[in-house]
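Below is one structure, written out as structure tokens; comments come after it.
Please treat every number below as a calculation from the coordinates, not as lab data. All figures in this text were calculated on a predicted structure; none of them were measured in a lab. In this analysis, Cβ positions are derived from the backbone assuming ideal geometry, glycine residues included, and neighbour counts consider all displayed protein chains.
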Amino acid sequence: MKILVINSGSSSIKYQLLALPDTKVLCKGLVERIGFDNAEIHYQSKDFNIDKVVAIPNHQVGLKAIASLLLDPTQGVIRSTDDIDAVGHRVVHGGSVFTRTTLINQEVKDVIKSLFSLAPLHNPPNLLGIEVAEKVFSKAKQVAVFDTAFHQSIPEKAYRYAIPEHFYTKEHIRVYGFHGTSHQYVSKKAIAYLGKSHTKIISIHLGNGCSMTAIEDGKSVDHSLGFGPMNGLIMGSRSGDIDQSVVLYLIDKLGYTTAEVSNLLQKKSGMLGLTGMSDLRDIEKAASGGDRMASLALEMNTYRIKKYIGAYVAAMNGIDAIIFTAGIGENSDVIRERVCTDMDYLGIELDLEKNKERSKAFRTLQSNSSKVQILVIPTNEELEIAEQTYSLID
């Protein structure tokens, strides 16, 4: 069975075409820096490796470019769109309606659209990916895998907000959690590596969007993102945690509309707001060159991560391992070093030489004296989505 996985992020599209149940990757790739003239398209198959820099103004153009590569008579891996049996889509917010992987129909699409306001950077491109895929791969079954599903195990004491009861019972306002597919995938790898019957793990997903999950015995028990994918850690363009009074001040004193506040906190804040740059590679380069705001942004970013580590160690009453994953977590030795510095009280001690080594493989970075395993586990949301899609329709 050939399953195409489409993972539409806020500024990127990851894709893989897999043959299951053998989990053979027929091709994979990435469209990144969407919205810029210097966007990049990457395509890799057994016989071809293509990298192009082109203007990709939006997700629709990016998705059509992917379809063209798959169908290319020379470099493609399918002869017809009918070769695709199913398309598995990452959908960020499933609200209280979707707690598991589901086949997509009009009702499902309507609910995904109704949740736009809760995930404005993600659900719109997620839905667009579905709509484009329905047209391009018209005979394939379309399947939605929700980021929120993994976090359904979070206990009520952690997912409830201290606001009047009816906001929960009638409006379903609660912590939902996100990046669940990634956290689920890497935590399974960590548990297999640890080889213990009882595990306490903190998974740190760092990309343009960032989140952390406390995972006990394979189940999510707390998470840094909440009702929408906006709070918690400092992200590429999202502020993360902020005093609610700031929001009220922006509206009541400075005359901002709610739409303007949403745009400010989700698209103009975070590392972008602090430095004018959202790509961590550019920020690290600027900081190494003496840029004060870039240096401060890195300090703020990693300080926030360290605070959450402390909170989750307290919540679980212990820790066996921390996982760094996603683009930044897997590739930035600068961020990993800053996060793990001065954490020896918790038993977290980094081997600086191991940390600087470049690799795309599962690896351990702790020193010999560290009581906590420090793991870099490349996430593979696409494989997790493909396997869940296969399980649903097989």
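For this structure, a couple of remarks:
- Nitroxide proxy distance, nm - points 7 Å out along Cα→Cβ at TYR193 and LYS139: 4.2 nm
- Equivalent ellipsoid dimensions for the chain as semi-axes, Å, which come from the Cα gyration tensor, largest first: 31, 26, 23
- Around the Cα centre of the chain, unit charges on the Cβ atoms of Lys, Arg, Asp and Glu (plus for the first two, minus for the last two) sum to a dipole of about 120 debye.
- Over the chain, DSSP H runs of length four or greater, each weighted -39,500 (n - 2.57), average out per residue to a 222 nm ellipticity of -11000 deg cm²/dmol.
- Interchain or long-range residues, amide H under 5 Å from PHE178's placed H: LEU225
- Legend: P(r) of region 2-146 from all alpha carbon pair distances, 5 Å bins from 0, whole percents, reading 2, 10, 20, 22, 20, 14, 8, 3, 0, 0.
- The phi torsions of region 79-85, fed into the Karplus equation with coefficients 6.51, -1.76 and 1.60 and a -60° offset, translate into couplings of 8, 8, 5, 5, 5, 7, 7 Hz, rounded to whole numbers, with Gly and Pro shown as x.
- The residue list GLN373, ALA294, VAL247 was ranked by how far each Cα lies along the charge dipole of region 180-376 toward its positive end, using unit charges on Cβ atoms, and GLN373 comes out on top.
- Over region 131-257, the hull volume per residue, using the convex hull of the C-alpha atoms, is 183 Å³.
- Here is the size of region 268-339 from its Cα atoms: Rg then Dmax, 13.5, 41 Å.
- Computed across region 180-376, the Kirkwood hydrodynamic radius from all distinct Cα-Cα pairs reaches 17.4 Å.
- When peptides 219-230, 110-121 are sorted by average Cβ neighbour count within 10 Å, with the highest value leading, the order is 219-230, 110-121.
- Charge dipole (debye, nearest 20) of region 252-394; +1 at Cβ of Lys and Arg, -1 at Cβ of Asp and Glu: 480 debye
- Computed over the chain: relative contact order in percent, which uses C-alpha pairs under 8 Å that are six or more apart: 14 percent
- Its relative contact order, with pairs defined as Cα atoms under 8 Å and 6+ residues apart, puts region 180-376 at 20 percent.
- Taken one residue at a time, the phi angles of region 202-212 give Karplus couplings (6.51, -1.76, 1.60, θ = phi - 60°) of 10, 9, 10, 9, 10, x, 5, x, 9, 7, 10 Hz. Gly and Pro are set to x.
- Listed by chain and number, the lysines whose C-alpha is less than 18 Å from the C-alpha of LYS307, apart from same-chain residues fewer than 8 away, are LYS200.
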